[in-house]
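To start, the structure under review is shown below, and the notes come after it.
Throughout, read-outs are computed from the coordinates displayed, never taken from laboratory work. As the structure is a computational prediction, the values presented were derived from the model and not from experiment. Cβ placement follows ideal geometry from the backbone for every residue including glycine, while neighbour counts extend to all protein chains displayed.
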Amino acid sequence: RDRVPATGLLGRLTAKPVYRALIQAAKADGLQNAAAFTTHYGYTANGKVHSQGVEVENPNLTICVELIDTKTALETFCRKHGELLEGRTVIYKHVEHWEISEGDVVGNDASPDEVIDGNKGRKLTEKS
């Protein structure tokens, strides 16, 4: 797994994984939500399909860091922490609520003031 750049032998041996540094930075910057997810089964681009074994982690699979907040807050975060994000895939997705029933999918666009923080029950635009 990628680690934060460090100097010296001890620094390199104890360097923090990038995903942990991103989540700690998100918490320090006050983003609404940050979580890391490992991929259990999948592929990237034209690569072969990989799976995570029951006993051994597969370092070839993707770790996804999900950050949730308003677009402005996420853009500010990315500018501030560009050294951690440079050269990595960053995807911004606007929220769309989907209702699925009887094989039909109905999508409704959600503005940032409609997105509810599930943990605190408030809208993303209502910062504490």
- Message: Ranking request for peptides 38-48, 98-108: highest mean number of other beta-carbon atoms within 10 Å first, then the rest in descending order.
- Response: 38-48, 98-108
- Message: Residue by residue through the range 14-21, what is 3J(HN,Hα) from phi via Karplus (6.51 cos²θ - 1.76 cosθ + 1.60, θ = phi - 60°)? Round to whole Hz and write x for glycine and proline.
- Response: 10, 4, 6, x, 4, 4, 5, 5
- Message: Need the full-extension length gain, A45 to L85, defined as separation in residues times 0.36 nm minus the C-alpha distance. One decimal, nm.
- Response: 12.4 nm
- Note on the structure: Most packed first (mean Cβ within 10 Å per residue), the peptides 85-96, 64-75 order as 64-75, 85-96
